[in-house]
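The values are calculated or read from the model by the stated rules, or taken from the named source; none is laboratory data. Just so you know, these numbers come straight off a predicted model, no measurement behind them. With ideal geometry, Cβ positions are generated from the backbone for all residues, glycine too; neighbour counts draw on all protein chains shown. Please note that ligands, DNA and RNA were not included when accessible areas were found on the heavy atoms of the full protein model with its side chains. Shrake-Rupley method; radii C 1.70, N 1.55, O 1.52, S 1.80 Å.
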Amino acid sequence: MPELYFLWGMTIGLSIAIKRFSLAAWLLLGFFRPMHAQDYTQTIRGTVTDADAKSPLEGATVLLIQNQPLTGTYTDEQGRFRLEKISPGRYTLQITYLGYETATIPNVVVNTGKEVVLQLSLTEKVIQAAAVEIIAGSKQEARNEMTTVSTRQFSIEETQRYAGSWNDPARMARNFAGVSTGDDARNDVIIRGNSPSGVLWRLDGVDIANPNHFSSFGTTGGPVSILNNNLLDNSDFMTGAFPAEYGNALAGVFDLRLRKGNDEEYEFLAQIGVNGLEFMAEGPISRKTGASFLINYRYSTLELMKDLGIDFGTSSQPSFQDASFKVVFPSPKMGDISIFGIGGRSNALILDSERDTSDFFGPAGNDIDIGSNTGALGVQHRIFVGKKTFVRNTISATGGTQLRIVDAVDQETKQITPFYRNNSFQGKLNHSLLINSKLSVRHTIRAGWYLDQQHFNLEESLQIDPDLGFVTLADFNGQSWLIQPFAQWKWRINEQWTLNAGIHYQHFTFNGSSALEPRLGLRWSPVDRHAFGFAYGEHSQLQPVYVYFIQDLQPDSTYLMTNRDLDFTRNRHFVFSYDWGLGKDMRFKAEAYYQQLRNVPIAGNEANSFSLLNEGADYVVQLRDSLINEGTGRNYGFEVTAEKFFGNGYYFLLTGALFQSKYTGSDGIERNTAFSNNYTATLLGGYEKAVGKKKRVRLGFDGRVATAGGRRYTPIDPVASATSVFAVYREDLAFGERLKPYFRADIRTKVRVNSRKVSQEVAIDISNIFNTTNPLNIIYDQTTNTLRTNYQLGFFPVAQYRVEF
C-alpha cells in the first residue's frame, strides 16, 4: 500500500508543523485502522420527492449510469433508495419516474469514510408526452423552486474545493457573478453594489444575525465564519428579485440548510486548518425510527499558527470557538421534529504596547478589548396533510452580545484614559409558519409568516474630554415586533412558460413603519436548453437596530432618540436573464439589472454627503443622529457566467460584472457609493485524477485568479486631523478617490486516500501566491501625524488535514 504510506508520511510532516495536534492525529489513525479485511466500497442512498409537494415518490428508478455493469434500484414507499458496494470515485446518477422529468445528478463524490446520503427531487411534467431532462446537479435549478432569476444552488463540496474559500460559504460566494471581492481580512458579501448589511442569512427557516466571529451590530461580515460547511446541505444563494417568502433584506439571501445526520451508521470527522481544530460526530439515535444526531465543535488555532510565524494582520492573538448541531426525530404519522442550533464566541485583546503599525482591528494609540457572542436555537415540526400539502412550524431564539472597550494611550507618558464603552445585546424570539400545497401539476401555492419579538439592551458611551465625562450614545432596554406575512404562487402555464408571483408585508411596531412588497417572476424556455427570465420585486429593510436608539444630547441636558421614526429603506429590483445549457455539464448565463433605492437615511440637520447606504463593511459603524428617510440610490449592471461543472476530471468557472452604484445625500449631489468598484472578474478551475492500483488515491489541483476595481474611499484632511480626536474626512469629496485595482491568485492542492472505513485528506491552500500588495485602506496615524496605507494579506499558506471514519 505505497499510496497510504505516502499519505502517512505527509501527515507526519504536517503534524510536526502543527505541534500538539500531531500526536492526536497519528494515534487517531492507528486506533481506527480496521482489524479485518473488507472491500474498499461505500453506500449511496437517499430519498426522491416531488419538487413542489415535497412528498416521497415510490417506484422511481435510480441508476448509477457510469458503473459497469449498470447499477440501479427503485425507491420504496417512503421514496428511499440504496446502492451498496460502490467503489470510491465521482459518479453520475440518473432518476426517472413515470410522468416526471428525468433528472441527472453529476459529480456525486464517494469516499470510504462516509456514506453518501442524497435528498433528490423530480418535477412533474405539465404535458405528459414531453421528454425533458433536468441536469439537477448543474445548479440550473435552485432548491427553492419559486425562484426565477439571480439564484444559484451550491454544495458543501464547492465550499471545500474552491481555492481561497477557506471552507467559508461567504468567501466561496465571492466567485459568483455580481459579488464583489477586494477585502481579504473579512468575508463581507457585497452584491451588485449594495451594502453587505442588506444580505439576509436564513438557516433552516430561521433568520439569523451576523454569523461570524468578531462581529459588530449593523454588519454581516467578519474574519471567520461561525457557519461550518461540514454540516451544511445543498443551499441557495440569491442576488436579487428573490421570492416573497424572504423579507427584511435589500441585496441578497443565503438560504442555508443543515443536513440530517446519518440515521444508520455512526460516522466521525477530525480536521485542523485555518478555521480551527474541529471534531464532528453523527449517527442514529434509533435505527428503527430513523432518529439521528449531528454535532460539531471547533476551537481556534490562530494562536498556534501565529507561533509558527503566520501573519493574520493583527498583533493580537484572537481566539474563538463555535459549535453546531442538529437532531431529527421522524414520524410517518406525527411528522418530523428537528432541533438545531449554532453558537460562537470570540475575543481579542490588542494592547498598544504590543501591536504593530498595520493592525487591522483599529488605529494605534489605543488599548482595545473586543468580544462577541452569537447563537441561534430552533425547533421545527413538519407534517404532511394529505399527499400534496405540508405544514412547517418553527420556533426559535437568536441573539448576540457585543463588547467593546477602548482606552486611549498617551504616547509620551503611556497614561491610559477610558475612551469608549459598548456592552450591548440584541436578540429575538421567532415563530414562523409555512404552508405549501401543490394544487395540481400547474399550480403550487405557499403562504405563511415570520413573527419576531425583538429584544434590545443597548449601552454605548464615549468620553472625548475626561473633564466632561462619558457622553451616552445609546441607552435602551426594551422590545418590539417585526411582523412579516407572505403569500406566493407558482403557475406552470405550459412547458415553456412559468410564472412566480407573490406579496410580502412588513410591520415594525416600534414606530409603526410598514411596507407592502409585490414580487413577480416570469421564465420562458422557447427551445430546449435556452431560457429567458424577468423578475421584479419591491424589497424593504429595517435600519440596523442600533441606529434607531442613537441618542442626541439636547441643550437642556436631556437625551433624545432623533432616529426613532426612521422608515424602511426600499429597493425596487428589475432583472433580465438569459440561460443557455451547453450540453450536460456546461452553462452560459447573462443577467442585466437595475435597482432603484429610496427612503435611505441621510443627514437631516445639515447638507452633507452622508448616507447609510455606505455602512456595513467594517468593524465599526458611524454613529449619526437626526437622520431622515430622504436619500436615494441606484445600482445597475451586467453580469456573465460561463461554467463547466465537474466532469471528466475537471471544472472551471468564469464570472465577470460591469456595474455602477450611486447614491445621493442631503447635499443633493450624486456620488459613487463605497461599494462602487465598477468591475469584478474571477476565473477558477481544477483538475482531479485517481491514481494507484485500485484508484483509491485522488490527487487534486485547484486555482483561482480574481481582480476588481479599486476600493473607493473618502480622503482625509491631515491638517484638521492633527488637532482632532478623530481623523477628519473631506466629506465634500466622499468616495471621490480610489485605491489601486485588486488582484489575487490562489492555488490549492490536495491528496485524498480511501482505505478501509477511513478516508484521509491533506490539502495546502496558498492565497496570494504572487504576494501582490493590495491596499486595504488609508488611515491617519495620530502617533506620527501622517497618512498611512494599510495592506491586505500577502503570501498566505495554510495546511489542512482531514480524516473521516
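Miscellaneous remarks
- FRET efficiency for residue 791 and residue 607, using Cβ-Cβ distance with R0 set to 25 Å, rounded to 0.05: 0.10
- Model label points for residue 580 and residue 351, set 7 angstrom from Cα along the Cα-to-Cβ axis, are 6.3 nm apart.
- Take every Cα pair under 8 Å whose residues are at least 6 apart in sequence, average their separation, divide by the length of region 178-260, and the relative contact order is 33 percent.
- Acute angle (nearest 10 degrees) that the helix 21-31 long axis makes with the longest principal axis of the chain, alpha-carbon atoms: 10
- Local charge for residue 546 was computed over the other residues whose Cβ lies under 13 Å away, with Lys and Arg +1 and Asp and Glu -1, and equals -2.
- Labels on offer are (1) 2, 9, 13, 16, 16, 14, 12, 9, 5, 2, 1, 0, 0; (2) 2, 13, 23, 27, 20, 10, 4, 1, 0; (3) 2, 12, 18, 17, 13, 12, 11, 8, 5, 2, 0, 0, and the one holding P(r) over Cα pairs in 10 Å bins from 0, in percent computed from this structure is (2).
- Anisotropy class of region 128-279 from Cα gyration tensor, a/c 1.5 cut: oblate
- Once all protein chains are placed together, residue 431 keeps about 60 Å² accessible to a 1.4 angstrom probe.
- Averaged per residue, the chain has 40 square angstrom of accessible surface, using a 1.4 angstrom probe with ligands and nucleic acids left out.
- Share antiparallel - DSSP beta bridges, the chain, percent rounded to 5: 95
- Distant-in-sequence amide H partners of residue 714 (H built 1.01 Å from N, under 5 Å): 735
- Dipole in debye (nearest 20) - region 195-303, about Cα centre, beta carbon charges: Lys, Arg +1; Asp, Glu -1: 100
- The chain, relative contact order in percent, only Cα pairs under 8 angstrom and at least six apart counted: 11
- Percent of Cα pairs in region 696-783 per distance bin of 5 Å, from zero to the largest separation: 3, 11, 14, 12, 11, 9, 9, 8, 6, 6, 5, 4, 2, 1.
- Relative contact order of region 236-308, pairs being alpha-carbon contacts under 8 Å that are 6 or more residues apart, as %: 24
- As a ratio to 2.2 N^0.38 Å, the alpha-carbon radius of gyration for region 639-685 is 1.80.
- Using a probe radius of 1.4 angstrom, the carbon and sulfur fraction of the accessible surface of the chain is 58%.
- Reducing region 756-805 and region 659-711 to their Cα centroids gives an inter-centroid distance of 16 Å.
- Each residue of region 263-270 was assigned a 3J(HN,Hα) from its phi angle through the Karplus curve 6.51 cos²θ - 1.76 cosθ + 1.60 (θ = phi - 60°); the sequence is 9, 10, 10, 7, 9, 9, 9, 10 Hz, with glycine and proline shown as x.
- The distance from the alpha carbon centre of region 560-591 to that of region 473-545 is 11 Å, rounded to a whole number.
- Relative packing of 472-478, 708-714, which averages over residues the other C-beta atoms within 10 Å, highest first: 708-714, 472-478
- Net charge of the neighbourhood of residue 583, taken over other residues with C-beta under 10 Å away and scored Lys/Arg +1, Asp/Glu -1, is +3.
- Charge tally around residue 264: other residues with Cβ under 14 Å, Lys/Arg +1 each, Asp/Glu -1 each, net +1.
- Charge dipole of region 552-706 about the Cα centre (unit charges at C-beta), most positive-ward option of 629, 653, 682: 653
- In degrees, nearest ten, helix 2-17 long axis to first principal axis of the chain (Cα): 20
- Residues of region 473-505 with amide N under 19 Å of the 7 Å Cα→Cβ point at residue 443: 487-503
- Backbone HN-Hα couplings from phi across region 152-164 [Karplus 6.51/-1.76/1.60, Hz, Gly and Pro as x]: 9, 7, 10, 10, 4, 4, 5, 5, 7, 8, 5, 4, x
- Residue-wise HN-Hα coupling along region 506-516, computed from phi with Karplus coefficients 6.51, -1.76, 1.60 (Hz; x: Gly, Pro): 10, 9, 10, 6, 4, 10, x, 5, 8, 8, 10
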